[in-house]
1. When DSSP beta bridges are limited to those with both residues in region 45-142, what percentage is antiparallel, rounded to the nearest 5?
2. Report, in debye and to the nearest 20, how large the dipole of the chain comes out about its Cα centre when Lys and Arg carry +1 and Asp and Glu carry -1 on their Cβ.
3. Pick out, from THR129, THR95, PRO41, the residue whose Cα sits farthest towards the positive end of the charge dipole of the chain, with +1 on the Cβ of Lys and Arg and -1 on the Cβ of Asp and Glu.
4. Just one of [x] 10; [y] 13; [z] 40 is percent of Cα pairs over 29 Å apart calculated from these coordinates, so which is it?
5. Rounded to the nearest 20 debye, what is the charge dipole size of region 71-146 about its Cα centre when +1 sits on each Lys and Arg Cβ and -1 on each Asp and Glu Cβ?
6. Using only DSSP helix segments of four residues or longer, with each worth -39500 (n - 2.57), what per-residue ellipticity at 222 nm results for the chain after dividing by its residue count and rounding to 500?
7. Grab the beta carbon distance between ARG45 and ASP135, set R0 = 35 Å, and tell me the FRET efficiency rounded to 0.05.
8. Using θ = phi - 60° and the Karplus curve 6.51 cos²θ - 1.76 cosθ + 1.60, what whole-Hz ³J(HN,Hα) does each residue of region 37-46 get, with Gly and Pro shown as x?
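Please treat every number below as a calculation from the coordinates, not as lab data. Values in this document were obtained by computation on a predicted structure and should not be read as measured data. Positions of Cβ are generated from backbone atoms using ideal geometry, with glycine treated the same way; all protein chains shown enter the neighbour counts.
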Amino acid sequence: MKVILKEDVQDLGTIGAVLDVADGYGRNYLIPRKLAVEANPKNIRQFEHQKKMILAKARKVRSAAEQLSDKLSAMTLCIEARAGDEDKLFGSVTTKDIAEAIARQGVEVDRRKISLDEPIKRIGTYKVTVKLHQDVTASVTVEVKKAGLSEEDS
């Protein structure tokens with residue numbers, strides 16, 4: 001089945017691409033979610049007409065992602081977690097914790113866009129990558145500190 005992508009689809013293609021996909025994937029996933037339309041002559045003519053608007057939308061989305069990237073790169077997040085001896089955490093700091101810390105700073109980021117090479121299990125400072133757009137990533141500094149102890153208790 002040939003389809004025209006109306007939006008970027010990860011691991012498939014970008015806006016405006018005419019692709020050959022499996023019938024079931026196109027009919028049951030892409031078309032119902034309005035990510036693509038069937039590539040028949042009528043839709044191809046209509047899409048050529050709409051292409052300018054879609055490309056303008058893509059530029060706007062990328063521009064917004066770049067602005068958000070600048071904002072995130074300037075952030076330093078402080079996350080408190082319970083830790084035992086040798087600064088080892090009782091659990092780990094996950095992408096959900098990082099997304100909540102970013103939200104407290106006034107910026108909403110989907111936790112699935114945050115990538116950790118491995119879970120954070122020790123106290124320290126880490127660089128975390130946030131993929132905001134296909135071509136735009138941000139690097140956020142995350143400081144993990146010991147929670148529940150004041151300076152007097154040490």
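1. Counting DSSP beta bridges with both partners in region 45-142, the antiparallel share is about 85 percent.
2. It comes to approximately 1120 debye.
3. The residue sitting farthest along the positive end of the dipole is PRO41.
4. It is the one labelled [z].
5. Computed charge dipole of region 71-146: roughly 100 debye.
6. After summing the helix terms and dividing by residue count, I get -9500 deg cm²/dmol.
7. On the way: r = 29 Å, r/R0 = 0.84.
Efficiency for this residue pair is about 0.75.
8. 10, 5, 8, 9, x, 5, 5, 5, 4, 5
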